[in-house]
1. Report the label-to-label distance for residue 96 and residue 65 in nanometres (one decimal), using points 7 Å from each Cα along the Cα→Cβ vector.
2. Would you calculate the separation in nanometres between label points at residue 131 and residue 193, each defined as 7 Å from the Cα along the Cα-to-beta-carbon direction?
3. Using a ≥ b ≥ c from the Cα gyration tensor of the range 95-184 (square roots of the eigenvalues), is it rounded, prolate or oblate, where a/c under 1.5 gives rounded and otherwise the larger of a/b and b/c decides, a/b for prolate?
4. Mind ordering 131-141, 194-204 by average Cβ neighbours within 10 Å, highest first?
5. Label residue 242 and residue 80 with points 7 Å out from Cα along Cα→Cβ: what is the distance between them in nm?
6. Place a label point 7 angstrom from the Cα of residue 105 along the Cα-to-Cβ direction, then list the residues of the range 221-257 whose backbone nitrogen is under 16 Å away.
7. Averaging sequence separations of C-alpha pairs under 8 Å and six or more residues apart, then dividing by the length of the range 68-247, give the relative contact order as a whole percent.
8. If I stretch the segment between residue 180 and residue 253 completely, what's the gain in nm (0.36 nm per residue apart, minus their alpha carbon distance), one decimal?
């Protein structure tokens, strides 16, 4: 299920072992420390050749900055036309101290199209044609319709749909991957430069070798947490246009702002 003005979203992270398998990271940035201290060549008599000196060690490779990681992520998704993956979602409602788990398949297509198809028994749908977003809640027999800019999904994940630029839209900060329990990758904290009613900040968990986003954690002003873990990604495979179309079943209550 998906966040709406009055409803929480389901969710679903896997076990730590499963996440490690899904990510398949090759490891974090490795800095090779070479201690080079080579004395000058000597003659047979032991006298040093003129001008001999100790070789200076090479400079250690600089760690990437938040801007560097953002550029890598942006470049990857700028080069994609479509993106499909399986997802698990965990939605934590702070005031109720509740956690909802769910899973399904997600599809993005430029420009601005998005589809979350939740697995049964959930059966929810989130569909956007780039202008309007529809959030269908099967259990409640209702569907919310709103402009995309009022929803945290397109607002936070716009770069996946070919809209928005990470460095232009967010103040960026790299978090310690060990502290965030994401060794082998990078954790990019993204705070929107323009205040958004949909969310306060977003954390992107970035695969080191591929620069793909493996996890997105969206935090709102109420302290709620909406986490998506992506696996089995498929890039640039054609998607049927009907994936981004949805008509609610008869009898569904339609809610508009």
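Taken together, the values in this text are just the output of simple stated rules run on the coordinates, not laboratory data. None of these values were measured; they are calculated from a predicted model. For neighbour counting, all protein chains shown are included, and Cβ atoms are generated from backbone atoms with ideal geometry for every residue, glycine included.
1. Inter-label distance under the simple model: 4.4 nm.
2. 2.8
3. Numbers: a/c = 1.98, a/b = 1.25, b/c = 1.59.
It is oblate, given that a/c is not under 1.5 and a/b is not larger than b/c.
4. On the way: 131-141: 18.2, 194-204: 16.4.
So the order, starting with the most tightly packed, is 131-141, 194-204.
5. Label-label distance for residue 242 and residue 80, simple model: 2.5 nm.
6. 230-246
7. On the way: 383 pairs, mean separation 44.9, N = 180.
It comes to 25 percent, rounded to a whole number.
8. Details: separation 73, 0.36 × 73 = 26.28 nm, distance 4.08 nm.
Stretched out fully, the residue 180 to residue 253 stretch lengthens by 22.2 nm.
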